[in-house]
1. Going by average Cβ density within 10 Å per residue, which order do the peptides 69-78, 139-148 take, highest to lowest?
2. Using a Förster radius of 30 Å, what is the FRET efficiency between E155 and S123 based on their Cβ-Cβ separation? Nearest 0.05, please.
3. What accessible surface, in Å², does a 1.4 Å probe find on L79, ignoring ligands, DNA and RNA and rounding to the nearest 10?
4. Ignoring ligands, DNA and RNA, what percent of the accessible area of the stretch 86-139 is carbon or sulfur (1.4 Å)?
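The values are calculated or read from the model by the stated rules, or taken from the named source; none is laboratory data. Bear in mind the structure is a predicted one, so any value in this text is a computation, not a measurement. As a convention, Cβ positions derive from the backbone with ideal geometry for all residues, glycine included, and neighbour counts pool all protein chains shown. Heavy atoms of the whole protein, side chains included, go into the accessibility calculation; ligands, DNA and RNA do not. Shrake-Rupley method; radii C 1.70, N 1.55, O 1.52, S 1.80 Å.
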Amino acid sequence: MQAEFFKANPFFNPESFKANPFFNPESFKANPFFNPESFKAFAALTPAKMAEEFFKNARLYRFGAADVDAMLASQRKTLEAFGAAGRVVAEAAQKITARQAELVKETLDGMTSVMTEMSKASSLEDAAAKQAEFAKEAFETALENGREVAEMIAETNEAAAEPISARVVAMFDEVKEGALKMKDKPKAEKAKAA
């Protein structure tokens with residue numbers, strides 16, 4: 001009688017999980033948010049390419065004593081640093097998404113096997129004991145999986161910040177160097193005029 005209860009109940013029927021689009025692993029493949037291929041478009045974007053046309057046109061105008069080529073080279077390096085950070089994030093997002101999809105599949109496989117086990121239980125007490133054991137294991141696994149994904153995200157944040165931090169430090173050096181050149185430029189022009 002207990003086995004009939006589990007077979008008749010859609011919440012405990014393993015076939016119901018396969019038919020439910022929320023628990024079907026094939027649904028994850030069709031979803032663009034879980035598809036690692038979706039992130040390749042982000043990796044292909046390079047701000048340096050988009051800004052190249054702007055830099056070409058900026059050389060046509062005079063900006064006084066400022067060294068336009070140096071300014072444009074500096075901005076190009078900045079855009080390249082952001083592009084590098086974007087590539088790091090896009091690659092990591094692919095890895096994280098793939099790992100999350102694996103974790104979901106493992107969880108669904110575990111749920112299916114537990115539902116099958118519960119449907120074979122000889123008594124309601126046995127089914128409750130199996131359910132409690134599954135809930136405990138599921139909770140522990142969820143905590144472990146959450147830690148793993150959080151570590152992946154933290155590593156990505158650190159790797160993405162690295163090129164930007166290095167570029168900011170270099171930019172301060174470039175500004176200082178440019179300011180010193182501008183300071184010395186009027187003296188050199190006066191010396192030429194004399």
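1. Numbers: 69-78: 15.4, 139-148: 11.9.
In descending order of packing, they fall as 69-78, 139-148.
2. Working: r = 48 Å, r/R0 = 1.60.
Working from the Cβ atoms, E equals 0.05.
3. So the heavy atoms of L79 present about 50 Å² to solvent.
4. Numbers: 1870 of 3160 Å².
Looking at the stretch 86-139 in its full context, I get 59 percent from C and S.
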